[in-house]
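Here the structure comes first, spelled out in structure tokens, and everything after it is commentary.
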Amino acid sequence: MYLEINNIAQGINIGIFVLVLSTPGFYDFQPEYYSTPLFALASLLISVIFWARYYFDTELLDRSFTVLSAVWFFGYLIAQGISISMVAQPASWLIGTAAFLFFGAGFYALNLWEIHRKRKEKILSLSSKFIIWQWRRMIELLILCALCVVGRFILVDQPSSAFLVSIFAFAVSIWQLVVTHDYRKYQFIETGV
């Protein structure tokens, strides 16, 4: 169920993304002109990263339905849609992305809770390397969430820094895409990632 809803939501979010990119005047924002394409690429990569990780984690954990996880899931999807819809406004995009990353970090917390519960009940056995990996991703996302908020304050104070902030956001999204390869690298899941 989660994966079907996630696929539908990702399709809607990609539709929002295309709509924003095709809006007349998308590139008319100054001095953000050169930064918006990089923020847009970062946003697309972030969507791909979270879709892949959510899919793999759901498969590995045989995710259980709980009210908290369902509410968190829909909050995550809404935050992602808001983030994507603000890609033409870098300062707003950073706040929307901070919220989205916060929900992403919350998913790792929910994953760790589910792993702990299922290991205690002897339902699930995952390597300690995977558990450490989940902890690291959660901490990274919390740090990136804070950096988005800092980036927003920098942009508000110094709008001319938008291009540098967009380069940083794009570089971080590339780094996180490379980290997603760990599912295969560490053989958490057999896939062609």
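For the reader, a short list of remarks on this structure follows.
- Linear extension gain, E190 paired with E59, 0.36 nm per residue minus alpha-carbon span: 46.1 nm
- Global form of region 111-193, assessed from the alpha-carbon gyration tensor, a/c cut-off 1.5: oblate
- Theoretical gain in end-to-end length, W113 to V18 [0.36 nm per residue, Cα-Cα removed]: 30.6 nm
- Of the residues I123, L164, T97, the one whose Cα sits farthest toward the positive end of the charge dipole of the chain, with +1 on the Cβ of Lys and Arg and -1 on the Cβ of Asp and Glu, is I123.
- Region 165-184 versus region 55-82: alpha-carbon centroid distance in Å: 21
- Note, ³J(HN,Hα) from phi for region 8-15, Karplus 6.51, -1.76, 1.60, rounded to Hz, x at Gly and Pro: 5, 5, 5, x, 5, 5, 5, x
- Equivalent ellipsoid semi-axes, the chain, via Cα gyration tensor eigenvalues times 5, rooted, Å: 32, 17, 15
- Among the chymotrypsin sites (Phe, Trp or Tyr not before Pro) in region 58-108, those located in a DSSP loop and surrounded by at most 10 other Cβ atoms within 10 Å of their own Cβ are F65.
- Residue among P159, P24, P37 with the largest mean-square fluctuation in a Gaussian network model of the chain, springs linking Cα atoms under 10 Å: P24
- Where labels lie 7 Å past Cα in the beta-carbon direction, separation of E4 and F153 in nm: 4.5
- Exposed-loop-free span, longest in the chain, where GluC sites (Glu not before Pro) count as exposed if DSSP calls them loop and at most 14 other C-beta atoms lie within 10 Å: 1-120
- What the phi angles of region 170-181 give under the Karplus curve with 6.51, -1.76 and 1.60, with θ = phi - 60°, is a coupling list of 5, 4, 5, 5, 5, 4, 5, 5, 5, 4, 4, 4 Hz, glycine and proline written as x.
- Here the chain is treated with +1 on each Lys and Arg Cβ and -1 on each Asp and Glu Cβ, and its dipole about the Cα centre works out to around 680 debye.
- Net charge of the neighbourhood of W175, taken over other residues with C-beta under 15 Å away and scored Lys/Arg +1, Asp/Glu -1, is +2.
- Around the amide H of A88, modelled in the peptide plane, lies no amide H under 5 Å away from a residue 5 or more places distant or on another chain.
- Contact order, relative form, for region 44-193: 28 percent (alpha carbon pairs under 8 Å, 6 or more residues apart, mean separation divided by residue count).
- Net dipole in debye of region 91-193 [+1 Lys, Arg Cβ; -1 Asp, Glu Cβ; about Cα centre; nearest 20]: 500
- Theoretical FRET efficiency, 1/(1+(r/R0)^6), r = Cβ-Cβ of S128 and V67, R0 22 Å, to 0.05: 0.15
The numbers here are math on the coordinates, done by the rules we state, and not lab data. All of these numbers come straight from a predicted model, not from anything done at the bench. Please note: Cβ atoms are built from the backbone with ideal geometry, for glycine as well, and neighbour counts cover all protein chains shown.
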